[in-house]
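Colleague: Let me begin by handing over the structure; questions about it come next.
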Amino acid sequence: MIICSTIFLVGSTIVNPMLGGIDFDQFRQLKIREIEDQLRLIQEDPLDAIEYFNLGLAYMAMGRHMKEIDSYLEAVRLDSNYARAHFNLAMAYDILKNTEAAISHARKAEILYSEKRKHGQVREVRRYLNILNEKYRFLKHKQPH
């Protein structure tokens, strides 16, 4: 079960309405422990795509996007129909300015969500694809023909 909470950045303190404020070092330690826990879970069951996805989320929170991508790629290697992992790959590749990979994984997520009739997620991916297309449109015009 995944529990979501809202986290706000206020100055150098992270404020979680449920937990109160923690400073950046506490947040960093929390995420390091989360990564260690995920690595332990993966060691126990190396074929669990969800644990690799969760590891990617922890790396994302730390800004370690190459490790995040590696984790999501392992998740989709284990479960090629893992739409959320494809979507997160699109966002991570976008952060690293890998246009082709970002758009490719977003399109894959769109197809998978469509097949599963997950209409809310399809709309979310299409909005993101529109953003990517708009964001990288100028690159198409600058490339030599």
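The values are calculated or read from the model by the stated rules, or taken from the named source; none is laboratory data. If you're wondering where the values come from, they're calculated on a predicted model, not measured in any experiment. Methodologically, a virtual Cβ is constructed for each residue, glycine included, from the backbone with ideal geometry; neighbour enumeration extends over all protein chains shown.
Colleague: Report yes if ARG77 is at pLDDT 95 or above, part of a loop (DSSP other than H, G, I, E, B) and not aromatic (Phe, Trp, Tyr), otherwise no.
Modeller: Considered against the rule, which asks whether it is at pLDDT 95 or above, part of a loop (DSSP other than H, G, I, E, B) and not aromatic (Phe, Trp, Tyr), ARG77 comes out as no.
Colleague: Which residues, counting only those in segment 46-71, are within 19 Å of ASP94 (Cα to Cα) and among the β-branched types (Val, Ile, Thr)?
Modeller: ILE69, the sole residue that qualifies.
Colleague: Among the residues of segment 1-22, count how many are part of a strand (DSSP E or B), at negative phi and either exposed (fewer than 12 other Cβ atoms within 10 Å of the Cβ) or at pLDDT 95 or above (or both).
Modeller: Result for segment 1-22: 3.
Colleague: Starting from residues that are crowded, with 20+ Cβ neighbours inside 10 Å and either within 11 Å of the chain's Cα centre (by Cα) or polar (S, T, N, Q) (or both), keep the ones in segment 58-82 and report whichever is nearest to ASN133 (Cα to Cα).
Modeller: ILE69
Colleague: Could you say which residue among ASP37, ASP94 is closer than 30 Å to ASP25 by Cα, within 15 Å of the chain's Cα centre (by Cα) and surrounded by fewer than 22 Cβ atoms within 10 Å (Cβ to Cβ)?
Modeller: Matching residue, one of ASP37, ASP94: ASP94.
Colleague: I'm trying to understand the selection: among the residues of segment 78-94, which are touching a His at 6+ places or on another chain (Cβ under 7 Å) and more than 18 Å from GLY120 (Cα to Cα)?
Modeller: Matches in segment 78-94: LEU89, ALA92, TYR93.
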